[in-house]
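Before any comments, here is the structure.
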Amino acid sequence: MDVHVGDILEMKKPHPCGCKEFLLLRVGMDFKIKCRNCGHEIMLPRSKAEKNIKKIMKQ
């Protein structure tokens, strides 16, 4: 999957605050993403994150 730091990811499932868009902060074995609505930062394993990505919006 071709993702880069700074991309906006639209996920299949929303964050508990209701937002589906996340800013990608770190790429590696884990993805660090930040909710665009409430600012909460989440670390996800790469495999789980790639399964849940619906759309990638480039910066």
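Details
- Once log10 I(q)/I(0) by the Debye sum over Cα atoms at q = 0.18, 0.20, 0.25, 0.27 Å⁻¹ is calculated for the structure shown, the corresponding label among [x] -0.51, -0.63, -1.04, -1.24; [y] -0.78, -0.83, -0.94, -0.99; [z] -0.84, -0.94, -1.10, -1.15 turns out to be [x].
- With contacts taken as Cα pairs under 8 Å at a separation of at least 6 residues, the chain carries a relative contact order of 37 percent.
- The residues of the chain have, on average, 65 Å² of accessible surface per residue, using a 1.4 Å probe with all protein chains present.
- Gain in span if fully extended, residue 12 to residue 46, counting 0.36 nm per residue against the direct Cα distance: 10.7 nm
- Check: the chain dipole with +1 on Lys, Arg Cβ and -1 on Asp, Glu Cβ, in debye: 180 debye
- Fraction of accessible area attributable to carbon and sulfur, the chain (%, probe 1.4 Å): 52 percent
- Residue 30 sits among other residues whose Cβ lies under 15 Å from its own Cβ, and their net charge, with Lys and Arg +1 and Asp and Glu -1, is +4.
The values are calculated or read from the model by the stated rules, or taken from the named source; none is laboratory data. Quick caveat: nothing in here was measured; it's all calculated off a predicted structure. Neighbour counts are summed over all protein chains in view; Cβ atoms, including those assigned to glycine, are modelled from backbone coordinates with ideal geometry. Only protein heavy atoms, including side chains, enter the accessible area calculation; ligands, DNA and RNA are left aside. Shrake-Rupley method; radii C 1.70, N 1.55, O 1.52, S 1.80 Å.
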